[in-house]
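No value in this document is a laboratory result; all are computed from the given coordinates. This structure is a prediction, so every number in the text was calculated from the model and none was measured. A quick note on method: Cβ atoms are made from the backbone with ideal geometry, for glycine too, and the neighbour counts reach across all protein chains shown.
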Amino acid sequence: MIKERPDENEDIHTLIERVKKRDREAFMTVTALYQKKVFLLAFSFFHNREDALDIVQETFLRLYQKVHLFRKGQNFQNWLLQIAKNLCIDYHRKNYSKSKEYNREKPIEEMNLALSDEKDPYLSSDLKGIFSECVKKLATKQRLIFVMKHYNQLEYQEIAQILGIALGTVKSLHFKAVQNMRGLVAPYLGRQL
Amino acid sequence: MTECKKFKKDFVALLSQELDEEKTKLLQSHLDRCPDCKREMAQLEKFMKGAESLKMDIEQAMETVDWEELPRKITENVFKQEVSALKESWLGRLSRFLFQPRLRPVYAGLLLGVLLGSLATYLILRAPQLKEARSTKISVPSNFLESMELEMARRETLDYLERSQYLLLDFIQSPSEKSAEFWQSEFASQKARDLLAKKKYINPQLDKYQMAKAKIICDQIELLFYELSQISVKLSAGEIKKIQKFIEEKQILMKIDLLKKELGKSEV
């Protein structure tokens, strides 16, 4: 059983110091601790399991290569998610052409929304499909903030650190992302949104 | 209305629990007073909950991943890549050293040297006679050697004629009682043998340089010496005397003189 939480006496900074010394066990522990958080971010971004796993693999490889750049006072999770975020953007730029991005399995118009029959459109069985398609249509930064806030459940302060932008900018971009998302899902879920 | 617009900007932050206490209180009191904003807030809350639906999808995807195995796999790959990166970096360093820009002139010089060396080797092996001709550093006109050989042949012939003339003169002038023994003497037979040998040597030269006149006389002299050295033993003194007279009558010695003069003037 791989540890998912560091021991009381062994905080993340001690583990990182061991990783810096190329300690295999410490590296495996760090990976076990943070793999889900990285996967969550990548999956929310791409909505594709395989791509998300590629990002997880690549993120920890990059961590191993750049661990010497990590300073003790920094927040390790934010530092790691910053790496993951950059990889997501690069991966998206490299592998997701416009045609691929919109090459979804099921056209959004064909999804089972049953607008007229259901009182609450949020009960629709394809709701998550609509949301995942609409998230993809957001601008990269807005998408990242939306994903980090809603699925990684990070605070504005942490998102600001990961993206390297001001706190006010995060707040304003989150607001814009929510407004845009509402505009994007509205045609499918009813005008009442 | 302006107040509503100002508060609406904080709706998302409030629902995300990112608004500080003071602002939260202000917004709550506004929502209590403003039914439009309250409705808007309710719709936004519904949307935010709807967005949570994506979480279910994420949770489903996460259930398909073996979180126990993944760290092992990642660690294994990372450490494997590190080993290959180390190897690569060793090769990379070597290739960087070998192909560094400042070594380019050296490689260019080496390449040029190899090319020139190959070309020179090819030319030398292709025309060896050219090399020999160049290495002697002596150049003579092509007809020089020919004229040299002609001159040598002429001198050889002159020498042959002169020695033959002396021998014949000795033979003619020998006293009649001793003339029969002349060709049996060691001195004469040796001279005759030498002259016969010399004739054999100058024969090809006489043919080569077309000294026809000289050749006829030389042939007659040769035949004469041959006969005399072979048969003189069996001849009587009278017959020897006859031969001596025959030589005088035929003016062989004079012919030899004339030929010598002609050869001396290169008119043969």
Practice problem: Would you order B:L44, B:L253 from fewest to most other beta-carbon atoms within 10 Å of each residue's own beta-carbon? | Solution: B:L253, B:L44
Quiz item: Which order do A:V30, B:V12 fall in if you start with the one that has the fewest other Cβ atoms within 10 Å?
Solution: B:V12, A:V30
Quiz item: In the structure shown, do any of A:K176/B:K46; A:K66/A:K136; A:K128/A:K149 have a Cα-Cα gap over 25 Å, and if so which?
Solution: A:K66/A:K136
Quiz item: Dipole magnitude of chain B about its Cα centre, charges +1 at Lys/Arg Cβ and -1 at Asp/Glu Cβ only, in debye to the nearest 20?
Solution: 1160 debye
Self-check item: Estimated vicinal HN-Hα couplings, Hz - segment A:21-34 in sequence order (Karplus 6.51, -1.76, 1.60; Gly, Pro = x)
Solution: 8, 6, 7, 5, 4, 5, 4, 5, 5, 4, 4, 5, 6, 10
Self-check item: Neighbour-count ranking [beta-carbon atoms within 10 angstrom, fewest first] of A:T140, B:T157
Solution: A:T140, B:T157
Quiz item: Extension gain B:W67-B:K242, at 0.36 nm per residue separation less the Cα-Cα distance, in nm?
Solution: 48.8 nm
Exercise. Determine which residues of segment A:36-63 fall in the zone a paramagnetic label at A:R24 would reach in this model, i.e. backbone nitrogen under 13 Å from the point 7 Å along Cα→Cβ.
Key: none
Quiz item: Considering only Cα-Cα distances, which of the following residue pairs are longer than 27 Å: A:K21/B:K55; A:K137/B:K49; B:K198/B:K255?
Solution: A:K21/B:K55
Exercise. Return the subset of A:K20/B:K73; A:K85/B:K25; A:K85/B:K38 for which the Cα-Cα distance in this structure is over 29 Å, preserving the input order.
Key: A:K85/B:K25; A:K85/B:K38
